[in-house]
Amino acid sequence: YGVLITMKHLYITLAPLYLIYFLRHCCFVNVNDHNSSKPRFSQIHFLRLALVTGGTILLPFLPFFIYTSNPTEQMIQILHRLFPFQRGLCHDYWAANVWALYLFADKLFRFASRKLAAVLPLSALSDGLPDVPPSVTALLLVCCLIPALVHALRLRVDKRASNDTKDYGGFFV
């Protein structure tokens, strides 16, 4: 997951799913205890996972810390370029996702309002659909992730079938 994040930062939205997946598959271990058959949380496995994931994510940024005079300013600039919230989420042709449909509806609305303006005096309609603030987008993202997170938490983890790949695909659906 760390390599995936460094290659395409938009996958950061999948972080909660990957967190649940890695915690369940890597950090909970079966203990040979006759009193309990439940897996127990392993702090050592968690520390290993955190070091490998964190190191993989931080490694590409290491040159900015070593070879620049002001690494804090460099990191702020990188974050502003990776997450350009100041220019808005709905500027033309930003991403081919659900917002592309919103922009398409906006273009249709503007086209229809121009045609109607010739017949009716509707000057307020020519502004198009309202811009979507980043806070609304974040809220929509969280609302859309909740069903997937609930599904991921409810999945049964069988350590004996951990090499079976059919369970992995269902986890992220």
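The values are calculated or read from the model by the stated rules, or taken from the named source; none is laboratory data. Since this is a predicted model, take the numbers as computed values, not measurements. Accessible surface is based on the protein model in full, side chains and every heavy atom, while ligands, DNA and RNA are left aside. Shrake-Rupley method; radii C 1.70, N 1.55, O 1.52, S 1.80 Å.
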Quiz item: Counting pairs of Cα atoms in the stretch 1-84, how many percent are more than 23 Å apart?
Solution: 40 percent
Quiz item: Ranked by accessible surface with a 1.4 Å probe, highest first, in what order do VAL136, VAL3 come?
Solution: VAL3, VAL136
Exercise. Enumerate the amide H contacts of PHE28 below 5 Å, restricted to partners 5 or more residues apart or on another chain; note that Pro and chain-start residues carry no placed amide H.
Key: SER42
